[in-house]
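The values are calculated or read from the model by the stated rules, or taken from the named source; none is laboratory data. Because the structure is predicted, anything quoted here is derived from the model rather than measured. Every residue, glycine among them, receives a Cβ derived from its backbone with ideal geometry; neighbour counts consider all protein chains shown. Keep in mind that these areas ignore ligands, DNA and RNA; they rest on the heavy atoms of the full protein, side chains included. Shrake-Rupley method; radii C 1.70, N 1.55, O 1.52, S 1.80 Å.
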Amino acid sequence: MGILTPMETICLTARPILSTSDLDIATAFLKEGHLVAIPTETVYGLAADVFQPDAVQKIFCIKGRPPDNPLIAHISTIDQLERLVQNPSPELVLLAERFWPGPLTLVFERRNEVPGIVSAHLKTIAVRMPSHPCARQVIESLGSPVAAPSANLSGRPSPTSAQDVLDDLGGFIPAVVDGGDCDFGIESTVVAFIDRVPVLLRPGAISRQTIEEVLSKHLLDPYENGPIMSPGMKYRHYAPKAKLYLIDSQDDLIEKQLKSAPYMPECVNAHNLYSHLRKADRLGYSEIVIVLNTKIRSDEALMNRLCRACEKI
Ligand code: TXA
Ligand code: MG
């Protein structure tokens, strides 16, 4: 891969897994403009210093991410928010105060000083303050926010362990910090205000209802108002290599005419969905079947990921 520097090439020959006591090494890589995968409470992120556009560019190359899909900037203090955004509305401030640090991403007006590549040259920028101690410590000692999408190849299920990251990106990134399995296992919720109306751009780890209660307002869906408003929504996502079937009951299996015995996980939830999808791929299954019970159906974020993992776009 022509985009690797000599330093990165040397690093790739070394053991890429860093322990949580090696965070100074992770920070040193970031300072020098390299990428490092770090654990967060949602999923692992592929981090680059927000203020080094060449480093941010590597994220798009290594993930194979479409250049019009903006990244989330991760901060560890409110001071860092002020370097990224301007004119935050009182509602955005309210949500940040209530849910940060934690798995809520908010879309703000971007300051001109922030390299445009971070948010695909939109006027806005998505920001969140993670609660995971490793992510916070790395950002804190870097002294700069990090841009970090999920640390998977574009279109694949998000990684919830260091091994998942290496399965997709091993050989292409100098290091991953191993913080164990992620607590939530599903990405953050993304909320924007469009013409002062709150919109749920991506359902996620914090439920719609929890946010609506704090705002005392209904959250609009991105399609309710016409065009797609979250750039990431138009791409296929979260897909395993195996074909995924969603059925209502075991009886529906017959009509699917499967080629062989499928991977059929029980007790699927938002926490374990991605690890099940990746496990099926590791074990070489060509088909996965998930029976949609009432509990799964009532989880908006889980249903969103399941439906999108089945889509053929
Ligand atoms: O939990 C998470 O959010 C994880 C961890 C690593 O923090 N990150 C993550 O990033 O899921 P990514 O890049 O996989 O998803 C970011 C989502 C995409 O749907 C993207 O389109 C949307 O956030 N997004 C980013 N910036 C935006 C903006 N300025 N306006 C609207 N949507 C934006
Ligand atoms: Mg992602």
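Which value, in debye to the nearest 20, gives the size of the charge dipole of segment 243-309 about its Cα centre, when Lys and Arg are +1 and Asp and Glu are -1 at the Cβ?
Its charge dipole is roughly 340 debye.
Excluding ligands, DNA and RNA, what is the solvent-accessible area per residue of the chain at a probe of 1.4 Å, expressed in Å²?
44
What are the ³J(HN,Hα) couplings of segment 280-292, residue after residue, when phi is run through the Karplus curve with 6.51, -1.76, 1.60 and θ = phi - 60°? Round to Hz, x for glycine and proline.
Whole-Hz 3J(HN,Hα) from phi for segment 280-292: 4, 5, 4, 7, x, 5, 9, 9, 10, 10, 10, 8, 7.
Using DSSP, restrict attention to beta bridges with both residues in the chain and report what percent are antiparallel, rounded to the nearest 5.
55
Once amide H atoms are built 1.01 Å from N in the peptide plane, which residues 5 or more positions from R202, or in another chain, come under 5 Å H to H?
Excluding prolines and chain starts, which carry no amide H, the hits are V190.
Pop out the carbon and sulfur fraction of the accessible area of the chain as a percent, whole number, probe 1.4 Å.
53
Order these peptides, 248-257, 201-210, by their mean beta-carbon neighbour count within 10 angstrom, highest first.
201-210, 248-257
Work out the length of the dipole vector of segment 6-215 about its Cα centre, built from +1 on the beta-carbon of each Lys and Arg and -1 on the beta-carbon of each Asp and Glu, and round it to the nearest 20 debye.
420
Could you pull out every one of the aspartates and glutamates with an alpha carbon less than 16 Å from that of K279, ignoring same-chain neighbours closer than 8 positions?
D164, D167, D168, D181, E266, E287
What list of ³J(HN,Hα) values in whole Hz, one per residue of segment 263-275 in order, does the Karplus curve 6.51 cos²θ - 1.76 cosθ + 1.60 (θ = phi - 60°) give from phi, with Gly and Pro shown as x?
7, 10, x, 9, 6, 6, 9, 4, 5, 10, 3, 5, 5
With a/c under 1.5 counting as rounded, go ahead and sort segment 243-309 into rounded, prolate or oblate using the C-alpha gyration tensor (a ≥ b ≥ c being the square roots of the eigenvalues; past the cut-off, prolate if a/b is larger than b/c, else oblate).
oblate
Which log10 I(q)/I(0) values does segment 110-219 give at q = 0.12, 0.16, 0.22 Å⁻¹ under the Debye formula, counting every alpha carbon as one identical point scatterer?
After summing over all Cα pairs, the log10 values are -0.55, -0.97, -1.40.
Hey, how many Å between the Cα centroid of segment 235-313 and the Cα centroid of segment 134-181?
Comparing the Cα centres of segment 235-313 and segment 134-181, I get a distance of 24 Å.
From the Cα gyration tensor of the chain, with a ≥ b ≥ c the square roots of its eigenvalues, which class applies: rounded if a/c is under 1.5, or else prolate if a/b is larger than b/c, or else oblate?
Taking the square roots of the gyration eigenvalues as a ≥ b ≥ c, the chain is oblate.
Based only on the alpha carbon positions, what is the Kirkwood hydrodynamic radius of segment 7-120, in angstrom?
Taking every pair of different Cα atoms in segment 7-120, averaging 1/r and inverting gives 15.7 Å.
Which of H34, L106, P130 sits farthest toward the positive end of the charge dipole of the chain, with +1 on the Cβ of Lys and Arg and -1 on the Cβ of Asp and Glu?
H34
Under 5 Å between amide H atoms, partner at least 5 residues away or on a different chain: which partners does K243 have, H built in plane at 1.01 Å?
E287, I288
With all protein chains present, calculate the accessible area of E41 using a 1.4 Å probe and round the result to the nearest 10 Å².
Taking all protein chains as shown, E41 has close to 0 Å².
Check V85: other-chain or 5+ apart residues with amide H under 5 Å from its amide H, H built from backbone geometry?
R111
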